[in-house]
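Asker: Dropping the structure in here first, questions after.
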Amino acid sequence: MSGSILLVGATGNVGMPLATMLAKEGYRVKATVRASTNVELLQELGIETIQADLHDFFGMMNAMDGVRKVFFTVPLVPNVVRLSKNIVQAASEAGVEHLVKVSGGGANLERTKLQRWHREIEREMEQAGPKYTFLRPNSFMQNFVNFNAGTIRDHASFYLPIGDGKISFIDARDIALTAYHILTEEGHEGMAYELSGPEALSGKDVASILTRTIRKEIKYIDVPEQEARRAMLEANMPDSIADAMMEMYHNNKLGYTAHVNNTVYNITGEQPHTFQSFVEDSKSSFLS
């Protein structure tokens, strides 16, 4: 492949395993980083790191010099749409051929604020010029490590306002593997891929798998929506993000995120991780 691949969000749940795969297979990879980013792991992989701020359009455009493909994922912040559009517009100006975005499950439905945000970014990509591919994953299994591990360790419980709703959680490593194939193969341009894990699980199902795998009884606590929102605001989450999260949780509660598909297998030839295999690999995060 002539030209390099730029990763925006290379140290995240999806970006890091993707960066590792690409580097180990000998692809020329660059990664944008912030001044506060720990770049040691990326540099050990031989990845060129470029300090660039998503707010800085010209800085992003300069980072794309000599880049053929861009993979990007942007943190959930109030200006996520604006930051993402900066990436898309910079890629267009820099002559990037192909953009791959981690979007959101059901973005085309625009049922929730998060879906509408993702779809607005997707529309920008459709109009910008470079070829594009959308990855629309369901909720990450890694969220249980990132957001629930503390209460699982300390209180043998996790708290979510999703009632009995089921979610086909996906391991971020499977999203990364899918992205790897899309970036290194032809034929994925112009496609939107919904990505799920292999099973739809309720909070009680998750608690049961955690209990069985880490050999410690774990309980799922269904939190009233109003209480969940208040806890987010008390943790200094911006109002707009709290509102978006609550819409997503309500979507979960109504069962709209329970669909299971075979997209990961169809693209990669590998079965996606089960939630139990994820817990086995992450067991230390859930134990005191």
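Asker: Look at the stretch 61-83 and say how many of its residues are more than 16 Å from I175 (Cα to Cα) and touching a strand residue (DSSP E or B) at 6+ places or on another chain (Cβ under 7 Å).
Answerer: 6
The rows are residues; the columns are (1) crowded, with 23+ Cβ neighbours inside 10 Å; (2) not basic (K, R).
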site: V8; (1), (2): yes, yes
site: A31; (1), (2): yes, yes
site: R82; (1), (2): no, no
site: K85; (1), (2): no, no
site: N108; (1), (2): no, yes
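Asker: Show me the helices (runs of 4 or more DSSP H) found entirely inside the stretch 180-253 where at least 1 residues are over 30 Å from T268 (Cβ atoms) and hydroxyl-bearing (S, T, Y).
Answerer: Values: elements: 203-214, 225-234, 239-253.
Helices (runs of 4 or more DSSP H) meeting the threshold: 203-214, 239-253.
Asker: Now a separate question. State which residue pairs qualify: first residue in a loop (DSSP other than H, G, I, E, B) and inside the stretch 254-265, second residue among the charged types (D, E, K, R) and surrounded by 16 or more Cβ atoms within 10 Å (Cβ to Cβ) in any location, beta carbons under 6 Å apart, and separation of 6 or more residues or different chains.
Answerer: Taking only residues 6 or more apart or on different chains, the pairs are A258/K166; N261/E194.
Asker: Could I ask something else about it? Look at the stretch 120-129 and say how many of its residues are touching a Lys or Arg at 6+ places or on another chain (Cβ under 9 Å) and part of a loop (DSSP other than H, G, I, E, B).
Answerer: 0
Asker: So which residues in the stretch 76-119 are assigned to a loop (DSSP other than H, G, I, E, B), under 18 Å from D56 (Cβ atoms) and of a type in the set (A, V, I, L, M, F, W, C), if there are any at all?
Answerer: Answer for the stretch 76-119, where residues must be assigned to a loop (DSSP other than H, G, I, E, B), under 18 Å from D56 (Cβ atoms) and of a type in the set (A, V, I, L, M, F, W, C): V77, V96.
Asker: Can you work out which of the residues in the stretch 248-269 that are over 19 Å from the mean Cα position of the chain (by Cα) and not small (G, A, S) is surrounded by the fewest Cβ atoms within 10 Å (Cβ to Cβ)? Before you say what the answer is, go through the steps one by one.
Answerer: So the first thing to find is which residues in the stretch 248-269 are over 19 Å from the mean Cα position of the chain (by Cα), and the list is 250, 253-255, 266, 269.
Restricting the remaining residues to those that are not small (G, A, S) gives 250, 253-254, 266.
Values: H250: 17, K253: 19, L254: 13, N266: 10.
Among them, the one singled out is N266.
Asker: Could you please find all residues in the stretch 132-179 being surrounded by fewer than 22 Cβ atoms within 10 Å (Cβ to Cβ), of a type in the set (G, A, S) and part of a helix (DSSP H, G or I)?
Answerer: Correct list: A149, G150.
Asker: I'm trying to understand the selection: among the residues of the stretch 1-19, which are of a type in the set (V, I, T) and closer than 15 Å to H181 by Cβ?
Answerer: Just the residues of the stretch 1-19 that are of a type in the set (V, I, T), to begin with: 5, 8, 11, 14.
Residues satisfying the conditions are I5, V14.
Asker: Filter the stretch 10-22 down to the residues that are surrounded by fewer than 24 Cβ atoms within 10 Å (Cβ to Cβ) and of a type in the set (A, V, I, L, M, F, W, C), then identify the one that is farthest from Q142 (Cα to Cα).
Answerer: Within the stretch 10-22, the first condition is being surrounded by fewer than 24 Cβ atoms within 10 Å (Cβ to Cβ), and the residues that meet it are 11-13, 15-17, 20-21.
This time we only want the ones that are of a type in the set (A, V, I, L, M, F, W, C), so: 16, 21.
Details: M16: 13, M21: 19 Å.
Restricting to residues being surrounded by fewer than 24 Cβ atoms within 10 Å (Cβ to Cβ) and of a type in the set (A, V, I, L, M, F, W, C), the top hit is M21.
Asker: Could you identify the single residue in S103, S92 that is within 18 Å of G190 (Cα to Cα), among the polar types (S, T, N, Q), over 16 Å from the mean Cα position of the chain (by Cα) and modelled with pLDDT of 95 or more? Full working, then the answer.
Answerer: On the way: S103 fails: over 16 Å from the mean Cα position of the chain (by Cα).
Matching residue, one of S103, S92: S92.
Asker: Quick check: anything in the stretch 56-74 assigned to a loop (DSSP other than H, G, I, E, B), of a type in the set (A, V, I, L, M) and more than 18 Å from the chain's Cα centre (by Cα)? Spell out how you get there, then give the answer.
Answerer: If we filter the stretch 56-74 for residues that are assigned to a loop (DSSP other than H, G, I, E, B), which is where we start, we get 56, 64-66, 73-74.
Remaining after also requiring of a type in the set (A, V, I, L, M): 64, 74.
The next check asks that each one be more than 18 Å from the chain's Cα centre (by Cα); those that pass are 64.
Within the stretch 56-74, one or more residues are assigned to a loop (DSSP other than H, G, I, E, B), of a type in the set (A, V, I, L, M) and more than 18 Å from the chain's Cα centre (by Cα).
Asker: I would also like to ask the following. When you go through (1) in contact (Cβ under 8 Å) with a residue 40 or more places away in the chain; (2) touching a helix residue (DSSP H, G or I) at 6+ places or on another chain (Cβ under 9 Å) one by one for D53, which number turns out not to apply?
Answerer: Status for D53: all satisfied but (1).
The values are calculated or read from the model by the stated rules, or taken from the named source; none is laboratory data. In this text, all values refer to a predicted model and were calculated from it rather than measured experimentally. When we count neighbours, we look across all protein chains shown, and the Cβ atoms used for this are built from the backbone with ideal geometry, even at glycine.
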